[in-house]
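This report refers to the structure that appears directly beneath it.
The values are calculated or read from the model by the stated rules, or taken from the named source; none is laboratory data. Predicted model, so just to flag it, every value in this text is computed and none were measured. Here Cβ is always computed from backbone atoms with ideal geometry, including for glycine, and neighbour counts include all displayed protein chains. When the accessible area is computed, the model is the full protein with side chains, heavy atoms only, and any ligands, DNA or RNA have been set aside. Shrake-Rupley method; radii C 1.70, N 1.55, O 1.52, S 1.80 Å.
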Amino acid sequence: MTKLSQKLTRDGTATPPAAVTVTPDEYDTLPPDSRIELLDGVLRPMTPPTARHQIVMMKLLAALLRRCPPALAALHEQEIRLADDLRRNPDVLVVRAGAVNLDWFSFPPREVVLAVEIVSPGTQTADRKHKPVEYADAGIPFYWRVEPTPVFAVHTFHLAETDAYESTGVFGEGEFITVPGLDWAAIPVADLTP
């Protein structure tokens, strides 16, 4: 019997598992392949990606890898250490190449140029509301949100002088993603759709 099934009540509803609070040092001892994030010192499991999500992520990563200038590197699901007790793992990110350690998985926000989240069932609120604020507060210059359904669209943002993200466009089928300051990242949206 699984822990979740043990938490089922007689009427069949489940009680949520208790939040697990850890120190930053305890979090750092967890295996690096764990699908968790640290939010205000609380472990939060990441939603398992759907096949649609994975296909979009792989296509976006491939497109960015082909276009990144030598001073930058595109990666996926690497950690951004926003604070000691706040760690996020964007679906795709572009970092300064000099910051890449082939044997490590975490980056300080100052090394991140672009963070991308692909919205999936279970991540809508975080991807649309929480993560953009956290990334902007950390000073990450660019944020993209990919909405695969119901109509495929890429929403792009840049960090404004107000220290908040400002929209630079919404790109759909038949269009190229074009963002001032990321001229090298002109990607046909059709190249990203599953």
Taking every DSSP bridge whose two residues both lie in region 44-154, the antiparallel percent to the nearest 5 is 65 percent
Distance in Å, no decimals, from the C-alpha centre of region 30-49 to the one of region 110-129 is 14 Å
Pseudo-spin-label distance GLU77 to ASP191, built 7 Å along Cα→Cβ, given in nm, is 2.3 nm
For the pair VAL100 and HIS130, the simple spin-label estimate (label points 7 Å beyond Cα toward Cβ) gives in nm 3.0 nm
For the chain, dividing by residue count, accessible area per residue (probe 1.4 Å) in Å² works out to 54 Å²
Honestly region 102-194 on the Cα gyration tensor test (a ≥ b ≥ c root eigenvalues; a/c under 1.5 rounded, otherwise a/b vs b/c for prolate or oblate) is just rounded
In deg cm²/dmol, rounded to the nearest 500, the helical mean residue ellipticity at 222 nm of the chain, built from -39500 (n - 2.57) for every DSSP H run of length 4 or more, is -4500 deg cm²/dmol
The relative contact order of the chain, taking Cα pairs under 8 Å that sit 6 or more residues apart, comes to a percentage of 15 percent
FRET efficiency for GLN54 and ASP25 from the Cβ-Cβ distance with R0 = 41 Å, rounded to 0.05, comes out at 0.80
Karplus-derived 3J(HN,Hα) from phi for region 167-174 (6.51 cos²θ - 1.76 cosθ + 1.60, θ = phi - 60°), whole Hz, x at Gly and Pro, runs 5, 10, x, 10, 10, x, 3, x
Comparing ASP103, ASP91, ASP137 in a Gaussian network model of the chain (Cα, 10 Å), the one with the largest mean-square fluctuation is ASP103
For the chain, longest principal axis from Cα atoms; helix 51-67 axis from its Cα atoms; angle between them, nearest 10 degrees, is 40 degrees
Taking alpha-carbon centroids only, region 144-175 lies from region 59-108 a number of Å equal to 19 Å
Expected field for SER106, accessible surface area in Å² at 1.4 Å probe radius, rounded to 10, holds 20 Å²
Note on region 26-134: alpha-carbon gyration tensor, axes a ≥ b ≥ c; rule is a/c under 1.5 for rounded, else prolate if a/b larger than b/c, else oblate; result oblate
